[in-house]
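The values are calculated or read from the model by the stated rules, or taken from the named source; none is laboratory data. Everything numeric in this text was worked out from a predicted model, so none of it was measured. Quick reminder, even Gly has a Cβ in these numbers, built from the backbone with ideal geometry, and neighbours come from all protein chains shown.
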Amino acid sequence: MAPPIRSRGLLACFNGRLIYACSMIASSQLNFGMDRSAFSNTQAMLFFKRQFGTFDEATGTYVFLSLLNSVQFIGFVFGLVLGSLFSRRFGRRLAIFLMCFWALISGVILITSKTPTQAITGSTIAGSSEIKGHASWKIPYGLFFVIPFILAVAVWWIPEPPRWPLTRDRQEDALSSLRLRQQAYTEEEIQHKFQEMQNALNKTVKKGTFMDMWRGTNLKRTLITIGVNVFLQLTGQNFASKYGTIFIQSLDSVDPFVMSCINSALNIITVFFTQFLSDETGRVPLTIAGAFLQTASLMTMDGLGTIKNPSQSVRSAVVATVTLFGIGFSLGWAPLSHVVAAEIPTTGLRDLTYAVGAVFNIVTQWAIAFSVPYLIDKSHAGLGSKVGFIFSMTSFLAKLFSWFCIPECGGKTLEEIDELFAQGVPIRKFSTAKVSLDAEASDGGDDLTKLDKGNCNTHPLNL
């Protein structure tokens, strides 16, 4: 029998070691965000334009080749595949250390760049934008050294998560990692959780292959993971993050760098708000609400973009739609797509499935990054703010995908999610489905990746 579940507040579930581990790992995302934001903002700086832009004699201005924002995704794919392989074979800590080392090398290339090729290879802002000279863009790029250096040292005090050692038959290491939760859980509860994890792993593929992702219930889980990653980009975030500052600058209504800082602050506040809400309301309602705000803001942007010779108030309204879009993205898809993509795959295939989904994510990013400059630029499609119409349609599709294809897994353990997929519970009934893992045998059981009548419980939700 399972030990009684005690009521715990959010803070009671943490201790010093866990807070340290979560903070250090989260800092890598901060560096990724700085990377994207800096590369977007510096493209609107005069000296960066002169150094890496191409002079357009027809307009008398500097423009950027779409390759500057798209070729870097080749590096994303390479890093993703390399990191996934190292993570599966050697663990998370070594993979993080190697990626930090790689980021430091990239920082050196970026800050010493003299040509667009170097900038592509390498791939405050408000303050540095006022600096006259190349320091205006080198200072933001120099900040890329800070977090990778700190994380490369700090990572050796971060414990491995408990499920990875189990896939390598290292039970003692897994149990030691679980015991870091002793402040919030009793030894009895920890032992029970450890047994649940072992039982679930024994019934799934411990070290799955690429082909295992496309078999049985894993096929559905893989497609959901891919879909989440694709729609994360199709909502238009790449347009807003990479070209937002340039787009706002082209409107000549407000200071693009100040507006970028305001948008970033609002997005951070919204993400924190989402983290507290996600387990209360669930993931699906928030992704739907976020997609709705994104759709509404992009359609408004498109409508305002049809006005010829727009006034100052109209241009300011278009800027406001960029802000509203960012809030919608930060409310749903920005933070929760990664949560869904991580919790949907089964334990033995989590690294592989997440990596495949991320590859689709990067390919979609590349396609958007390559095409958006041609869609916006007056010498090509010349859509300007009307590009919002394209992404408003894809944002609407993301809303439909959230409702019909994303199972509500809020409040459920990874082992419970495994069991719900094994039982064939319909997507829309995950939130109300109840599952007990107490009766599960630990002798290997049936393979949950192959769903048939032999391993399907007579669950009322199957009817």
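Yes/no matrix, rows are residues, columns are (1) among the hydrophobic types (A, V, I, L, M, F, W, C); (2) assigned by TED's automatic domain parsing to the domain that holds C409; (3) at pLDDT below 90:
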| site | (1), (2), (3) |
| --- | --- |
| M259 | yes, yes, yes |
| F272 | yes, yes, yes |
| T287 | no, yes, no |
| K308 | no, yes, yes |
| A320 | yes, yes, yes |
| G348 | no, yes, yes |
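Here is a yes/no grid of residues against (1) closer than 26 Å to R88 by Cα; (2) among the hydrophobic types (A, V, I, L, M, F, W, C); (3) modelled with pLDDT under 80:
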position: K114; (1), (2), (3): no, no, yes
position: I120; (1), (2), (3): no, yes, yes
position: H134; (1), (2), (3): no, no, yes
position: I139; (1), (2), (3): no, yes, yes
position: V153; (1), (2), (3): yes, yes, no
position: E172; (1), (2), (3): yes, no, no
position: K193; (1), (2), (3): yes, no, no
position: V205; (1), (2), (3): yes, yes, yes
position: M213; (1), (2), (3): yes, yes, no
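Looking only at the stretch 399-414, residues that are buried (at least 16 other Cβ atoms within 10 Å of the Cβ) and over 17 Å from V339 (Cβ atoms) come to 1 in all.
Among the residues of the stretch 382-394, is there at least one that is out of contact with any helix residue (DSSP H, G or I) (no Cβ under 7 Å at 6 or more places or on another chain), in the same structural domain as T413 (by TED's automatic domain parsing) and at pLDDT below 80? Within the stretch 382-394, one or more residues are out of contact with any helix residue (DSSP H, G or I) (no Cβ under 7 Å at 6 or more places or on another chain), in the same structural domain as T413 (by TED's automatic domain parsing) and at pLDDT below 80.
Filtering the stretch 416-440 to residues that are over 14 Å from T217 (Cα atoms) and either at pLDDT below 85 or in a loop (DSSP other than H, G, I, E, B) (or both) leaves F430, S431, T432, A433, K434, V435, S436, L437, D438, A439, E440. Residue selection: D377 fails the criterion of being under 28 Å from T167 (Cα atoms) and among the charged types (D, E, K, R). If you check T413, T353 for being more than 23 Å from A289 (Cα to Cα), in the same structural domain as T222 (by TED's automatic domain parsing), at pLDDT 90 or above and among the polar types (S, T, N, Q), only one passes: T353.
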